[in-house]
Amino acid sequence: MIRALILPAITLCLVAQDDTATIAGQVLLNDRRPGVFASSIQVELNREDRPGEALKVSVNADGEYRLMNLKSGTYIITVTAPGYKPATARIELISGTRVRGNTKLVLLPESSPKAEKHSGVVSQNELRAPRRAVRQAEIAERSMDGGDFSAAARAVDKALEIYPAYARAFLLRGRLSEKEGKPREAARSYEKALEGDSDAYPAYAALAEIHRLEGDHKALRDVADRWKKAQPLSAAPYYYGALASFQAG
């Protein structure tokens, strides 16, 4: 299924001192700190030549973690979280050399555009989209990646003029509203995306985060229940459902 995603990311910083090195990083979910979901995230480090000797650490509420006292060598970092595909990075640490670097890893949801592209599953909403609307959505995505949000907004507007029920364009409009600090407008766009495509999973995730941050447990429960029906094998809607129950007391 082809959809726009607001995808989760991990940023790593490497510093080597003397004969050992430290890897300090942060895990972000949908560009936000994980908060109560920190306990569901695990960072695992393996030396490439000793795959059975794994070092595992968790993250704090800000998504921060630290791997210390590492010897020189090549390492594989793997980050996992329920509802997402594992992400990995290959890191080389050189003894006695000060090393700085940033590596960005992306955790793809279990039902992601890349995964579904290979499975041959494409939403009917996307299949009905005129090619001109698809081109505008692609322009919007590239503009957002490049930080040109004004150009992205214009392209989204054009896509919706061509295809008013285009879920992919509404997802992009929601992302733009969040960038502008307008969560209510973003929520309306995500709901519009779901009206056009009830399997637009990123819209459920974005709505759940908005309602979580606002403390609206009733709206969070509603989104979690709808998400479970659309994606029953994903762990994410069950986490949000449990959080809604906790918020409700």
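The values are calculated or read from the model by the stated rules, or taken from the named source; none is laboratory data. Note that the structure is a prediction, hence the values are computed from the model and not measured. We place every Cβ from the backbone using ideal geometry, glycine too, and count neighbours over all the protein chains shown.
Values for this structure:
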item	result
Per-region count, segment 192-249, residues buried (at least 16 other Cβ atoms within 10 Å of the Cβ) and on the phi > 0 side of the Ramachandran plot	0
Residue in segment 116-141 that is nearest to Glu161 (Cα to Cα), counting only those that are modelled with pLDDT of 80 or more and under 20 Å from the mean Cα position of the chain (by Cα)	Ala137
Among the residues listed as Ala244, Ala224, Ala152, Ala219, the single one being under 25 Å from Ala81 (Cβ atoms), small (Gly, Ala, Ser), under 20 Å from the mean Cα position of the chain (by Cα) and in a helix (DSSP H, G or I)	Ala224
Residue match in segment 175-189 (condition: in contact with a His (Cβ under 9 Å, 6 or more places away or on another chain), exposed (fewer than 15 other Cβ atoms within 10 Å of the Cβ) and outside any loop (DSSP other than H, G, I, E, B))	no
Inter-residue pairs, beta-carbon under 9 Å, first on the phi < 0 side of the Ramachandran plot and in segment 46-63, second among the aliphatic types (A, V, I, L, M) and assigned to a loop (DSSP other than H, G, I, E, B), 6+ apart	Ser58/Ile41; Val59/Ile41
Members of segment 12-67 found to be within 30 Å of Leu243 (Cα to Cα), at pLDDT 70 or above and part of a loop (DSSP other than H, G, I, E, B), listed by number	Ile41, Val59, Asn60, Ala61, Asp62, Gly63
Subset of segment 48-84 (residues that are buried (at least 17 other Cβ atoms within 10 Å of the Cβ) and touching a Phe, Trp or Tyr at 6+ places or on another chain (Cβ under 6 Å))	Val59
